[in-house]
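Novice: First the structure, which I've put down as structure tokens, then a few questions once you've had a look.
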Amino acid sequence: MLIYSSVNRWVLAKGMAQFQEVMRQQLESSMHVELENLLSTAKGADIEVCRKDFEGFEKLFHRFLQVKGPSVEWTKINRPPEDSIQPYEKIRGLPTSVSESLNKLAVVKLNGGLGTSMGCKGPKSLISVRSENTFLDLTVQQIEHLNKKYNTDVPLVLMNSFNTDEDTKKILQKYTHHRVKIHTFNQSRYPRINKESLLPVPEDVGMVGEGSDGWYPPGHGDIYASFYASGLLEQLLAEGKEYIFVSNIDNLGATVDLHILNHLVSQPNGKRCEFVMEVTDKTRADVKGGTLIQYDGKLRLLEIAQVPKAHVDEFKSVSKFKIFNTNNLWISLAAIKRLQEKNEMDMEIIVNPKTLNGGLNVIQLETAVGAAIKCFDNALGINVPRSRFLPVKTTSDLLLVMSNLYRLEAGSLTMSEKREFPTTPHVKLGSSFTKVQEYLTRFESIPDMLELDHLTVSGDVTFGKNVSLKGTVIIIANHGDRIDIPAGSMLENKIVSGNLRILDH
């Protein structure tokens, strides 16, 4: 009887596995038919572009159907070995010839995002962040400064998405006379997937009206395939470039670091480090950031989306996972070429659920650029100062970088020497400040924040000119009330609430 039941279970299990395999094949086949139908709606040069995009998408979809359960087994996770994450101080050292090292570098900025979360239309990189300069202006100024100072030719490469490409290209004309060569390439455009049917949402390849809702750029992990396919990678290699420095365009701390560059180019050939990830110490504000782990003998990036639900709190703990990924990456061009040509670039799939405007539930399959760290030889984490991670995701971040906490020099922001503590204040602006335009109308001038530790603002609040904020300041206007902070006010360790309106008479 015992033998019969175990055989029975085996038959059932085998039957279930076969059934699942048949289902997978049917889903892939249906997807392929739908993509062919979509391709038939493309015209002219779009046909080849769409075909390439769909090939990449089908590979991703195939892998998505193969994956069972979480992509990591929690018990196999180990802390990285001591020498796999180096302190920044340990690798410091300038090259004997700075210009020679810089001429081996290209700077790549991830420029696929829109400014919608901050209430802006168009590419996020075109939002003004400091002294009328946009993210893109500051990036160009930084690289131009290097090229002039060291007489080098460091190019800027922008990875655009279909959302940002047209607007970015229009604006690039203004940099024609700057000493920076600027190249662009587009990341892929993939169809969103109906969560129920697992079929593509769009009915044609058009981007007009509601049709644009059916498409998405598949995360920055797409950089490797798109960069390689664009021909730019080959071009840069032919020009003698060896490494790219990749970062998010909205991270104002991600400037070219000569010490890290020197560490890369000064290694003997056999020991060449093909991938450096800049990490920094985690604070309570960074609990969702990806972290480096040792897994199956390799250094690997662990993102919160990959963590089993039962272990999310453990992942967020500052004591167990002490560092997080800044997404500032230094990557060997020759290694990208090798891995692409051998089809060995392997990144975990991030399944991102969304609800479209009409209420349709969809999923989009994405990958993260840092997840490829496990594919590269001699990969390394470098624990950098917090100043190299200065992202502007919200108007709260924008207030910090617009303030006198930072000084602007040659496109780079550095903490003012007048601030006594190196830490950045914690700023939390309420929903009345979410959109950039509205935020700007609420400040007659940006307050003095040199001695600020914590600022919380909620409700209908405005600031007059030359306001000074020190210590912990909390300003809460109740619903229906308004608080006007008078010009010239100095608030130190104050809670302001209720209704405060200064009327002229």
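The values are calculated or read from the model by the stated rules, or taken from the named source; none is laboratory data. Fair warning: this is a prediction, and the values are worked out from it, not measured in the lab. Here the Cβ positions follow ideal geometry from the backbone for every residue, glycine too, while neighbour counts run over all protein chains shown. The area values use the complete protein model at the heavy-atom level, side chains included, leaving out ligands, DNA and RNA. Shrake-Rupley method; radii C 1.70, N 1.55, O 1.52, S 1.80 Å.
Novice: What single numbered condition from (1) surrounded by 13 or more Cβ atoms within 10 Å (Cβ to Cβ); (2) at pLDDT 95 or above; (3) among the polar types (S, T, N, Q) fails to hold for Thr441?
Specialist: With respect to (1) surrounded by 13 or more Cβ atoms within 10 Å (Cβ to Cβ); (2) at pLDDT 95 or above; (3) among the polar types (S, T, N, Q), Thr441 is out only on (1).
Novice: Could you give me the residue pairs with C-beta distances under 9 Å whose first residue belongs to the stretch 111-134 and is at positive phi, whose second residue is surrounded by 15 or more Cβ atoms within 10 Å (Cβ to Cβ) and assigned to a helix (DSSP H, G or I) wherever it lies, and which are 6+ apart or on separate chains?
Specialist: Gly119/Thr395; Gly119/Val436; Gly119/Tyr439; Gly122/Asp167; Gly122/Thr168; Ser131/Met402
Novice: Could you tell me how many of the residues in the stretch 173-225 are within 30 Å of Ala410 (Cα to Cα), hydrophobic (A, V, I, L, M, F, W, C) and touching a Pro at 6+ places or on another chain (Cβ under 9 Å)?
Specialist: Going through the stretch 173-225 one residue at a time, the tally reaches 2.
Novice: Does Lys316 meet the test of being more than 19 Å from Phe389 (Cα to Cα), in the same structural domain as Gly221 (by the TED database), modelled with pLDDT under 90 and not polar (S, T, N, Q)?
Specialist: no
Novice: Return yes or no: is Ala225 in the same structural domain as Glu366 (by the TED database) and farther than 27 Å from Phe135 by Cα? Let's see the steps before the verdict.
Specialist: Numbers: in the same structural domain as Glu366 (by the TED database): yes; farther than 27 Å from Phe135 by Cα: no.
When the stated conditions are applied, Ala225 does not pass them.
Novice: Let me ask something else about it. Return yes or no: is Ser332 surrounded by fewer than 19 Cβ atoms within 10 Å (Cβ to Cβ) and of a type in the set (Gly, Ala, Ser)?
Specialist: Details: surrounded by fewer than 19 Cβ atoms within 10 Å (Cβ to Cβ): no; of a type in the set (Gly, Ala, Ser): yes.
Here the answer is no, as Ser332 does not meet what is asked.
Novice: I want to confirm something. Restricting to the stretch 460-480 and keeping residues that are in contact with a strand residue (DSSP E or B) (Cβ under 6 Å, 6 or more places away or on another chain) and open to solvent by 20 Å² or more (accessible area, probe 1.4 Å), which single residue is nearest to Val401 (Cα to Cα)?
Specialist: Lys470
Novice: Got a number for residues in the stretch 40-72 being modelled with pLDDT of 90 or more, among the hydroxyl-bearing types (Ser, Thr, Tyr) and open to solvent by less than 60 Å² (accessible area, probe 1.4 Å)?
Specialist: 1
Novice: If you take the residues of the stretch 164-185 that are of a type in the set (Ser, Thr, Tyr) and part of a helix (DSSP H, G or I), which of them is nearest to Tyr150 (Cα to Cα)?
Specialist: Tyr175
Novice: Which condition breaks for Ala368 when tested against (1) open to solvent by less than 70 Å² (accessible area, probe 1.4 Å); (2) at pLDDT 95 or above?
Specialist: Answer for Ala368: the failing condition is (2).
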